[in-house]
Amino acid sequence: MNNAIWFFDNIDVFQILCPHKFQEYKKDHAFNYFKKGDYIYFENDVANKVFLVNSGKIKVGYITDDGDEIITAILIKGQIFGEKAILGEEKRNEFAQALDNEVSTCVVSLDMMHELLRRNSEFSISIYKFIGYRFKKLERRLQIMLFKDAKTRLLEFLKELSDDYGFTNAVTGDTVIKHPFTQKEIASLIGLSRPTLNVLINELQNEKVLTFERKQIILHK
């Protein structure tokens, strides 16, 4: 299982993209800082930058015509967002909002991104591979949201988590998922209320399907 989904072909996207890693940009570069609830960008903002999470957590989503908030991703340090600007998106079709009180981001202008893509073919391949993975993951997330059965939604999401953060315990054969999400965040990612999620977790624990801990989920063999 893949424990580093944001690293492709041994390329650390954050290491390459963040301007403070480059000597020629370091002096003039600073991180942007946000408090919980602050927006990094809104829907319909101009899409002329790409962002990387330096610290804290950020949620990405959109508001439906009925006024409901749909969360498509929750991102942690080293992860990139706003990447659709690379593909020519002119206006944001999503928002990005800080989830913690100490969030910082690195901003990469679209011009700098295009320069990096031109200068390094290996990096270019990795970035486009990443974008393809992100779209595939979003498509799967939306498919999960379409399940009417809440329990099925949760089980499908746990499969996704195991792909991203899981590993197999060599002794027991169980899948151990060390993840960065709170129960509230998991609930928002699959369109459930937190009480409903708690009921489902308790049910699955009673069925010996899993053991749910604060930052670790064990899927029993």
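Points to keep in mind about this one:
- Summed over segment 44-92, the residues that are farther than 20 Å from Phe181 by Cβ, open to solvent by 60 Å² or more (accessible area, probe 1.4 Å) and assigned to a loop (DSSP other than H, G, I, E, B) give a count of 6.
- Residue ID - farthest from the chain's Cα centre (by Cα), chosen from residues in segment 159-213 that are part of a strand (DSSP E or B) and closer than 24 Å to Leu138 by Cα: Thr175
- All positions within segment 93-108 that are without any contact (Cβ under 8 Å) to a residue 60 or more places away in the chain and either surrounded by fewer than 18 Cβ atoms within 10 Å (Cβ to Cβ) or not in a strand (DSSP E or B) (or both): Asn93, Glu94
Per-residue answers, yes or no, for (1) open to solvent by 40 Å² or more (accessible area, probe 1.4 Å); (2) out of contact with any helix residue (DSSP H, G or I) (no Cβ under 6 Å at 6 or more places or on another chain); (3) at negative phi:
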position: Glu156; (1), (2), (3): no, no, yes
position: Val171; (1), (2), (3): yes, yes, yes
position: Asp174; (1), (2), (3): no, yes, yes
position: Pro180; (1), (2), (3): no, yes, yes
position: Ser188; (1), (2), (3): yes, yes, yes
position: Leu197; (1), (2), (3): no, no, yes
position: Glu213; (1), (2), (3): yes, yes, yes
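- Residue check for Arg134: open to solvent by less than 90 Å² (accessible area, probe 1.4 Å), of a type in the set (Lys, Arg) and touching a residue at least 40 places away in the same chain (Cβ under 8 Å): yes
- Check on Ile218, free of Cβ contacts under 8 Å to residues at least 60 places away in the same chain and either open to solvent by less than 20 Å² (accessible area, probe 1.4 Å) or of a type in the set (Phe, Trp, Tyr) (or both): no
The values are calculated or read from the model by the stated rules, or taken from the named source; none is laboratory data. A quick note: this is a predicted structure, and the numbers were derived from the prediction, not measured. Every residue, glycine as well, gets a Cβ built from its backbone with ideal geometry; the counts of neighbours run over all protein chains shown. Protein only, heavy atoms only, side chains kept; ligands, DNA and RNA dropped before computing areas. Shrake-Rupley method; radii C 1.70, N 1.55, O 1.52, S 1.80 Å.
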